[in-house]
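The values are calculated or read from the model by the stated rules, or taken from the named source; none is laboratory data. What you see is a predicted model, and the numbers here were worked out from it, not measured in a lab. So basically every Cβ, Gly included, is an ideal-geometry build from the backbone, and we count neighbours across all protein chains shown. Note: areas computed on protein heavy atoms with side chains; ligands, DNA, RNA excluded. Shrake-Rupley method; radii C 1.70, N 1.55, O 1.52, S 1.80 Å.
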Amino acid sequence: MKSLSVYQNEMAQRSLGIFFLIIFAILFLIGRLFWIQVLEHEKYKQQAFQQHWIHKEIPAKRGDILDRNGIILATSIPTYSCYCDPKMIKDVHGAAKKLSPVLEMEEDKLVPFLTHPKRRFVWLKRFLDKETSQKIQSFKIAGVQTIKETKRVYPHGKLASHVLGFTGNEENGLEGVEANFQAELSGENGFQWELKDGRLAKPKIYDPYSPMKKPVNGADIYLTIDHIMQSIVEKELQDAVSRYEAKGACAVLLDAKTAQILALASLPDFDPNDFRSFPRSTWKNKAIADAYELGSVMKPLVVASALSEKLVSMDTTIFCHHGSCKIIPGRTLRDTHGYGDLTVAEILIKSSNIGTTKIGMQMGAKTLCHYLELLNFGKKTGVELPGESPGILKPAHKWTNFTLTSVPMGHEICATPLQMAASYLPIAGDGIYRPPSIVEKVVYPDSKTLHRYQSPDIKKIYSGQTIKEMQQVLRLVVEKGTAQKANIKKVEIAGKTGTAQKLDSTGGYSHEHYISVFVGFAPYKNPTLCALVMVDEPKGAYYGGTVSAPPVANILKQCIFYEKSLIKKYNP
Amino acid sequence: MEKNLFQNTQRVLSKAAKTCRNIGEDIAKKGGFKIFWGYILFMLLIGLSAFFLMALVQAKVTSFQLGYQIAKLEKQKELLLEEIYTLQYEIAVLTSPQSLIQANKNWELELLPPEEWIEEKP
C-alpha cells in the first residue's frame, strides 16, 4: 500500500500535468483564435460576406432619341430573356418538349443548348415578352430561368435608320447617333447589396444601411430631324430609286436659316430593329460617309464667288465657243449644246461648262480655292454623326491648270452630299456659312439641358446683292433652264442640277454610270428649306434635271406645306 | 489531516465574516443616506440606459419595416415605369407615318397629303 506522502506526491504530479495540459489547450485555442481572427481575418470576412450578401446591379435606362417635336425615334423597353444551367436540368427531353412551343424553337435545336457540356449559363432565347416569361416560370423546370433585360427598339422601323444607327445586344451604340452619343445615352448603372437568408428566400432581408448606389439614367437626345419630313424625304427618294432602278440614293433637307438637318436619308436602308439581317453595305450613310464629284452643282458657287470678287456681273458676256473649246493645251471642254455669247446668268441657266470654267480661270486658283475653303470643302462639317468624310479639295499651291479647269465644273473636287447642301446655305440664306447640325439638345435626367446646337464658326461669304442675284438666277434655272421639272405650282423653287460621270475601274470617267444631283431651296425669295437629292447610277435617264429635280420639288412642296400647317396649328 | 482542513476552513470563514462586519461599520460611519441615493441614482441610470436601448431597438425595427415598405413601393414604381415605357413605344409605333399611311389605306380614311392641308387663298 502506498504511503500518504507518496500518494500526495503522485497527485501533485498529476495535477501539474493536467494543469499544463489545460494551459496548453488554452494557449492552443488562443493561438487558433488569433489565427482565425487576426491572420486570416480578411479571408473569413469575405467568405461570410459572400454568404450573407448579394450584389445586385441596377441597370440605368438608356436615354431616348427623339425628333425635334419630341416624337420617340429610339427607346428601350423591358423584355425577358430565357437561359439555362445545363448541369441542373434532370429531364432534358421533358424540358425541351415544354419549352419548344413557348420559345418557338424545335425540340432538336433546343436539346444541344440544354445539354451543353462545358457552360453553366446558356442563353435559350433573348428578348421575350412578359407573358412568355411567365409561362416559362410556370413550368418550374429546375435550371431554366428568365431574367429581365432591356431591348433597344425603333418604333418607326427603317425611318432615319442611318441617322439613328443601332445598338448591340448589350445596348452599346454601334452606328449613328447611338454610337456617337454612347456616353450620354448609356447613363451609369447603380448597385445594391442585399442581405439574404439561409434559403435565399424572397423578399430578401431589407437593410436600409446596406451600401447602394442609385442608377443614373442616360440623357435624352433631341435631334433636329422632323419625323414627318424625314418620312416625306424617304418616300420621294424610294420612288426615285424605283423609277430609275438606281444603285442607291441619298437626300438632305436643311433648314435654310439655321443649317439644322431636318431630314437625312440614304438608300439602300435597313431596319435598326433587325440590322443583322441586312447587308453591311446598307448600314453606310452615303450622305456623309461618301464623297463624290458632284458636277455642275458646283457652278453657282463659282459664279457667286466671282460676283463677290466683282470680277463679273450677271450681265457680263462670255464667249462659249459654240460648244467646244481647247481651254488649255491638251484639254478640250464641251457643252451639251453649242452656245456663242452667254451672259453669266445664262451660263448658269444653260449650265455651260466652258462659260463657268472661263469664270473660274478669271478668278485664279488661289481665290477660287479660298472661297471653296470658306464653304468648308475639304473639311468635315462637324455634324454629330460618326464616319463623316472630309471630301477632297486640293490646297491652292497644288492646283494645276487641269485642276483650275476641272473644279468649276465639279470635277477634281469631292464633297459629301451634306457638304454640298450646306454650301448652298449662304446663297439661300444671309450669305453666312453655318456648319450643319443634327442634334438640337441633350436633356439629362436631372433636367439639366445642354443645347448642342450652336454655330460659333459662322463666316459671312456673300453680300446681300450677290445673294439676291444668285437666288434670282437659280430660280431662272428652274423656270427656263435645266431644272424645269422642278418648276411646280404652289412653291417657287430655285436650284441647280448636276450630272457627273463616275470613275470606272480604269480610273477614267465612265460613259455608263452617272450621278444625278439637284440642290434646291424654296421659297426662292426668302428660303426656309434647302434640299439635295443625289441618285447613284440611275438607268434610263441620268440628267440631274430629270432624275433628281422632281423628288426635290416634291420634298420641298410637301415639307413647306407641312411647316405652314404646323405654324397654323400652333399659332392660329 | 481532515481535522486540519476543517480548522483552516473555519478560520477563513470567520475572517470573511469579520471583513464584512468591518465594511458594514464603515458604511454606517460614512453615512447610509448618501449611499442610499447613490444606489437609487445607479438604478436610475441602469433603467434609463435600458430604456434608450429598447428605444434604439424599436427605432431600428421600425426603420427596417419602413425599408420593406419603401422597397415594395419602389418595385411598384419600377413596374409602372416599365409599363409607361412600353406604352410610349406602342404609341410611337401606332403614330408613325408608316402606320398612318397603312391605316389610311386599310380603312379608306381618305386623309389628304400635306400640300392639301391648307386651303389656298384665291
*Which members of the range A:222-238 meet the condition of being of a type in the set (D, E, K, R) and not in a helix (DSSP H, G or I)?*
A:226
*asked:* Of all residues being within 30 Å of residue A:175 (Cα to Cα) and small (Gly, Ala, Ser) in the range A:350-405, which is nearest to the chain's Cα centre (by Cα)? Just the residue, please.
replied: A:387
*Which of the following residues is among the polar types (S, T, N, Q), at the interface with chain A (Cβ under 8 Å from one of its Cβ atoms), under 30 Å from residue A:236 (Cα atoms) and out of contact with any Gly (no Cβ under 6 Å at 6 or more places or on another chain): B:95, B:86?*
B:95
*Pick from the range B:1-53 the residues that are of a type in the set (A, V, I, L, M, F, W, C) and within 30 Å of residue A:7 (Cβ to Cβ): which of them is modelled with the lowest pLDDT?*
B:1
_Give me the residue from the range A:186-221 that is part of a loop (DSSP other than H, G, I, E, B) and at pLDDT 85 or above and, out of that set, most open to solvent (accessible area, probe 1.4 Å)._
A:214
*strands (runs of 3 or more DSSP E) contained entirely in the range A:50-144, each with at least 1 residues that are surrounded by 20 or more Cβ atoms within 10 Å (Cβ to Cβ) and not polar (S, T, N, Q)*: A:72-84, A:122-128
_Exactly one condition in (1) more than 20 Å from residue A:423 (Cβ to Cβ); (2) open to solvent by less than 60 Å² (accessible area, probe 1.4 Å) is false for residue A:341; which is it?_
(2)
*Please specify each residue of the range A:372-387 satisfying the condition of being part of a loop (DSSP other than H, G, I, E, B), open to solvent by 20 Å² or more (accessible area, probe 1.4 Å) and not basic (Lys, Arg).*
A:378, A:382, A:384, A:386, A:387
*Within the range A:483-516, considering residues that are at pLDDT below 90 and among the polar types (S, T, N, Q), the one nearest to residue A:296 (Cα to Cα)*: A:501
*Of the residues that sit in the range A:145-157 and are crowded, with 20+ Cβ neighbours inside 10 Å and outside any strand (DSSP E or B), which one is farthest from the other protein chains (Cβ to nearest Cβ)?*
A:154
*Residue check, residue A:562 against (1) within 14 Å of chain B (Cβ to nearest Cβ); (2) crowded, with 21+ Cβ neighbours inside 10 Å; (3) not aliphatic (A, V, I, L, M), all met but one. Which one?*
(2)
*asked:* Among the listed residues A:265, A:246, A:251, identify the single one that is open to solvent by less than 20 Å² (accessible area, probe 1.4 Å) and either hydroxyl-bearing (Ser, Thr, Tyr) or touching a Cys at 6+ places or on another chain (Cβ under 9 Å) (or both).
replied: A:265
*asked:* Any residue that is closer than 29 Å to residue A:481 by Cα, in a helix (DSSP H, G or I), touching a Lys or Arg at 6+ places or on another chain (Cβ under 8 Å) and of a type in the set (A, V, I, L, M) - is there at least one of those in the range A:388-398?
replied: no
*Kindly indicate the residue of the range A:525-543 that is at pLDDT 90 or above and more than 17 Å from residue A:264 (Cα to Cα) and also surrounded by the fewest Cβ atoms within 10 Å (Cβ to Cβ) among those meeting that condition.*
A:526
*Scan the range B:101-122 for residues that are within 14 Å of chain A (Cβ to nearest Cβ) and either on the phi > 0 side of the Ramachandran plot or modelled with pLDDT under 60 (or both) and report the count.*
8
